[in-house]
Amino acid sequence: MAAVLCPFEQRLRGRSERDSQAKLEEAVGLARAIDLDVRLAQVAPLRQVTPATLVGKGVVARMAAAVEELGIGLVVVDDKLTPVQQRNLEKAWQTKVIDRTGLILEIFGARARTHEGRLQVELAALDYQRGRLVRSWTHLERQRGGFGFLGGPGESQIEIDRRLIGERIVRIKRDLEGVRKTRAVNRAGRKKARLPTVALVGYTNAGKSTLFNRMSGAEVMAKDLLFATLDPTMRSIKLPNGKSCVLSDTVGFVSDLPTHLVAAFRATLEEVIEADLIVHVRDISHPETEQQRADVEEVLRELGALDEAGGRPFIEALNKVDALPGEVRATLETRTTTGAERARQYPVSALTGEGVDRLLTAIADLLGAAGEAREVSVPLADGATIAWLYRHGEVRSRRDEGDTAWLTVALDPAATAQFERRQQVR
């Protein structure tokens, strides 16, 4: 049995106040994502931080009584705890205590399926544990014999643990560097084949995997569960204009995502950084959809994936419109079809398929907008070049006159250079 304690600071630094109940519900959802039996969930107003325990003495005393009464075996504190705060709370409550970072790491560890995913989770966990090796337990005080002729005190257990963790971190980073290079080779292959990449990003449980399945025909795990999918999935899909692209489903984000988790998953998230188009999938029916949008964009900026200058296309898929009340939905439809956001926001329902065709058309238009349309002439006998233009460009019109085909086609700079070389060889 578990309890969730959600410290809620009344004046959050640098951001708007979040509803305490919504924050508590998210913390409970995270706990239930790894099948914890949550018997107690409370908000603890935090007027000032207590260095020893984070929360005040009154909260500590009330929670201690509740833990004893209910037989709680684990308390999740939905905030970042220092090693000393964690140790003090465990002593006061006589039970295991983990903070928000530890909980997310537990979820990621349970969700990772591929070798790469497990490596990334282990890297983040080791980095987290290394900072927790404080002199809190007696076994860390023991010393072992030193080396050399002079003897000496040797290494303490805490130093040995830190060294072993450090060596393991180096090995994992080396393995992940190999993963990064493999991904770079794969991306180069896709670029050579002229396959653009579209990355789906968003807050966890926003419906990315359901939308991914709807658009690609795949069967990625999609449940009403925080962090239901962790390992990235990529599929080639056909767009309405006949062109193909690679669709990528990535790990969901969450508010206050631990920094070392972002760093550990950088190899995976490079697919987002290198994507030709980013589609931000938002749960438009969620009461805190705007705050979730800000949280996702904050992580994207940290990754360097959000181009403030507008160089990289970035659109929003406003998911779960089927869950909106009639009036709210009508207002949203009007705003996104006639308002200033019509070219940036697209209402969809991944569950019913509503609006997905319009989203796919927008993706096709944005990916095809990289090159300026030009008219070219190709002999009808040169079917290979005509087929090449359809495959690598966006053919907007065609007319055949005599033995010549005149095509108006949009090509990106790389494809334009290839076409000109084909013309010279011909």
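Looking for something under 20 Å from the mean Cα position of the chain (by Cα), polar (S, T, N, Q), more than 27 Å from VAL49 (Cβ to Cβ) and modelled with pLDDT under 75 - is there at least one such residue anywhere in the stretch 107-125? Give the derivation first.
First, pick out the residues of the stretch 107-125 that are under 20 Å from the mean Cα position of the chain (by Cα): 107-125.
Remaining after also requiring polar (S, T, N, Q): 114, 120.
Among the residues that remain, those that are also more than 27 Å from VAL49 (Cβ to Cβ) are: 114, 120.
Within this subset, residues satisfying the condition of being modelled with pLDDT under 75 are 114.
The answer is yes; a qualifying residue exists.
Search the stretch 396-414 for residues being of a type in the set (A, V, I, L, M) and touching a Phe, Trp or Tyr at 6+ places or on another chain (Cβ under 9 Å), and hand back the single one that is modelled with the lowest pLDDT.
Per the criteria, the residue is LEU411.
Does LEU380 satisfy the criteria of being closer than 30 Å to ALA405 by Cβ, open to solvent by 20 Å² or more (accessible area, probe 1.4 Å), modelled with pLDDT of 85 or more and in contact with a strand residue (DSSP E or B) (Cβ under 7 Å, 6 or more places away or on another chain)?
yes
Any chance the stretch 137-151 includes a residue that's β-branched (Val, Ile, Thr), part of a helix (DSSP H, G or I), out of contact with any Cys (no Cβ under 6 Å at 6 or more places or on another chain) and modelled with pLDDT of 50 or more? Break it down stepwise before answering.
Step one: of the stretch 137-151, the residues β-branched (Val, Ile, Thr) are 138.
Checking which are part of a helix (DSSP H, G or I) leaves us with 138.
Cutting the leftovers down to out of contact with any Cys (no Cβ under 6 Å at 6 or more places or on another chain) gives us 138.
Filter again for modelled with pLDDT of 50 or more, leaving none.
Checked the stretch 137-151: no residue is β-branched (Val, Ile, Thr), part of a helix (DSSP H, G or I), out of contact with any Cys (no Cβ under 6 Å at 6 or more places or on another chain) and modelled with pLDDT of 50 or more.
Considering only the stretch 107-131, state which residues are part of a loop (DSSP other than H, G, I, E, B) and farther than 19 Å from ASP35 by Cβ. Outline the logic, then answer.
Residues of the stretch 107-131 that are part of a loop (DSSP other than H, G, I, E, B), as a first pass: 112-114, 131.
Passing the criteria: THR114, GLY131.
Go through (1) crowded, with 19+ Cβ neighbours inside 10 Å; (2) more than 19 Å from ASP256 (Cα to Cα) and name the single condition GLY56 misses.
It is condition (1) that GLY56 fails.
How many residues, within the stretch 35-48, are within 30 Å of the chain's Cα centre (by Cα), assigned to a loop (DSSP other than H, G, I, E, B) and surrounded by fewer than 18 Cβ atoms within 10 Å (Cβ to Cβ)?
2
Give me the residue from the stretch 317-342 that is in a helix (DSSP H, G or I) and among the basic types (Lys, Arg) and, out of that set, least open to solvent (accessible area, probe 1.4 Å).
Taking the stretch 317-342 and keeping what is in a helix (DSSP H, G or I), we get 321-323, 326-338.
Within this subset, residues satisfying the condition of being among the basic types (Lys, Arg) are 329, 335.
Working: ARG329: 62, ARG335: 100 Å².
Filtering first and then ranking leaves ARG329.
Go over the candidates THR233, THR268 one by one and state the one that is surrounded by 15 or more Cβ atoms within 10 Å (Cβ to Cβ), of a type in the set (Ser, Thr, Tyr) and at pLDDT 75 or above.
Residue meeting the stated conditions: THR233.
Checking the conditions here, which among GLU290, GLU297 is at pLDDT 85 or above, closer than 24 Å to ARG100 by Cβ and either hydroxyl-bearing (Ser, Thr, Tyr) or over 13 Å from the mean Cα position of the chain (by Cα) (or both)?
GLU290
Which of the residues that make up the stretch 343-375 are modelled with pLDDT of 90 or more and either farther than 24 Å from GLY217 by Cβ or not in a helix (DSSP H, G or I) (or both)?
GLN345, TYR346, PRO347, VAL348, SER349, ALA350, LEU351, THR352, GLY353, GLU354, GLY355 - these are the residues of the stretch 343-375 that are modelled with pLDDT of 90 or more and either farther than 24 Å from GLY217 by Cβ or not in a helix (DSSP H, G or I) (or both).
From the set of residues in the stretch 73-104 that are part of a helix (DSSP H, G or I), touching a residue at least 40 places away in the same chain (Cβ under 8 Å) and open to solvent by less than 20 Å² (accessible area, probe 1.4 Å), which is farthest from LYS57 (Cα to Cα)? Quick ask: steps written out before the conclusion?
In the first step, residues of the stretch 73-104 are kept if they are part of a helix (DSSP H, G or I); the result is 83-93, 100-104.
Within this subset, residues satisfying the condition of being touching a residue at least 40 places away in the same chain (Cβ under 8 Å) are 83-84, 86-87, 100-101, 103-104.
Checking the rest, the ones that are also open to solvent by less than 20 Å² (accessible area, probe 1.4 Å) come to 100-101, 103-104.
On the way: ARG100: 21, THR101: 23, LEU103: 24, ILE104: 27 Å.
Looking at residues that are part of a helix (DSSP H, G or I), touching a residue at least 40 places away in the same chain (Cβ under 8 Å) and open to solvent by less than 20 Å² (accessible area, probe 1.4 Å), I get ILE104.
GLU69 passes all but one of (1) in contact with a Phe, Trp or Tyr (Cβ under 9 Å, 6 or more places away or on another chain); (2) free of Cβ contacts under 8 Å to residues at least 12 places away in the same chain; which number fails?
For GLU69, the failing item is (1).
The values are calculated or read from the model by the stated rules, or taken from the named source; none is laboratory data. A quick note: this is a predicted structure, and the numbers were derived from the prediction, not measured. Backbone-built Cβ (ideal geometry, glycine too); neighbour counts: all protein chains shown. Just so you know, the surface numbers come from the protein's heavy atoms only, side chains and all, with ligands and any DNA or RNA stripped out. Shrake-Rupley method; radii C 1.70, N 1.55, O 1.52, S 1.80 Å.
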